[in-house]
Amino acid sequence: MTPSGFRANLARRVATAAVALPLLLAAFFLGPALLTAGIVAVAVLVGLWEFFALMKARGLAPFHVPGVVLLAAVFVEVARPVVPASLWPAVALVTLIGLLPRGPDFSSTVPSAALTLLGAAYLGSLGGAVAALRVLPPDRDGAWRLVLLLSIVMVADTAAFFVGNAAGRRKLAPAISPGKTVEGAAGGLAGGVAAAAVVRALGLPFVPLGHALLLGLAVAGLGIAGDLVESLLKRWAGVKDSGVLFPGHGGMLDRLDSILFGAPVLYYYFALVNT
């Protein structure tokens with residue numbers, strides 16, 4: 001990236017973050033848990049629409065209504081189960097029955113159904129894990145759990161951005177994302193660990209420091225994996241960004257990828273280990 005391009009991209013990123021972050025923090029700390037869950041639900045729904053756009057770029061017809069129904073079912077089951085039985089059998093039925101009215105073009109119908117299920121399960125389950133961080137008891141820690149997730153991902157992303165541009169030499173995954181480097185990834189991991197330590201000191205002191213450092217490393221590492229998976233999907237579809245919703249950041253999927261992949265680490269930790 002040229003120096004002028006680097007500065008322009010950085011300026012767009014900073015401007016977008018300056019608007020979005022205060023609004024999110026206000027929702028986390030001042031609003032009820034369901035407000036945050038609703039924000040996450042809207043975000044993953046937008047992400048699903050962008051995923052459908054990737055399918056269309058490859059000439060496939062997504063199952064729009066079944067996809068939304070499936071996403072909602074999976075999201076609710078993960079974030080806050082409201083029925084005593086699993087919704088996954090219903091998810092499978094809706095997907096498979098949705099094959100029937102699609103006509104005789106089996107060559108595209110079956111891949112369309114499979115990808116619709118992939119998108120709904122991917123965004124519904126991982127988005128549900130993000131929302132669950134706010135609604136898991138105790139409620140007083142919910143906002144800080146989300147701050148932990150976002151801080152690790154954002155600091156890791158920023159560190160990777162600067163370290164990669166300043167010292168990146170070895171390509172991390174050239175076939176998928178040529179711009180990412182091993183050095184940038186290492187900087188991102190270090191940034192994630194540092195962010196976890198700071199948030200733990202500020203708002204989650206009951207989390208052992210060693211646990212916080214490992215969580216920072218794991219979330220940052222999975223965030224890198226999420227970014228690469230989304231890059232793979234975009235290369236498959238032949239597009240540069242999943243959308244243009246956020247100047248300097250791309251679409252909703254471009255912003256959610258690392259957050260979604262990092263969320264299950266904290267979800268399982270706070271649900272099963274540090275309850």
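Quick notes
- With the charge dipole of region 131-261 set up from +1 on Lys and Arg Cβ and -1 on Asp and Glu Cβ about the Cα centre, the Cα lying farthest toward the positive end among the listed residues P208, G187, A218 is that of G187.
- Unit charges on C-beta of K, R, D, E only; dipole of the chain, Debye: 500
- Residue of A20, A263, A195 that the Gaussian network model of the chain assigns the largest fluctuation, springs spanning Cα pairs under 10 Å: A20
- Where labels lie 7 Å past Cα in the beta-carbon direction, separation of V19 and V198 in nm: 2.4
- Neighbour counts of C-beta atoms inside 10 Å place I259, I39, I152 in the sequence I39, I259, I152, starting with the fewest.
- As a proxy for reagent exposure, ranking E77, E50 by other Cβ atoms within 10 Å from fewest up yields E77, E50.
- Size of region 81-234 as Cα extents on the principal axes (Å, biggest first): 56, 44, 18
- At least 30 Å along the helix axis (C-alpha) and Kyte average at least -0.5, DSSP helices within the chain: 3-30, 33-57, 106-135, 142-167, 182-203, 209-237
- Candidate lysines - alpha carbon under 24 Å from K180, same-chain residues fewer than 8 apart omitted: K171, K234, K240
- Region 114-193 versus region 21-84: alpha-carbon centroid distance in Å: 17
- Sorted fewest first by neighbouring Cβ atoms within 10 angstrom, R134, R235, R255 come out as R235, R255, R134.
- Charges were assigned to the Cβ only: +1 to each Lys and Arg, -1 to each Asp and Glu. The resulting dipole of region 141-275 about its Cα centre is roughly 280 debye.
Every number in this text was worked out from the coordinates using simple rules, so none of it is lab data. Worth saying up front: this structure is predicted, and the values here are computed from it rather than measured. Counting neighbours? That spans all protein chains shown, and the Cβs are built from the backbone with ideal geometry, glycine included.
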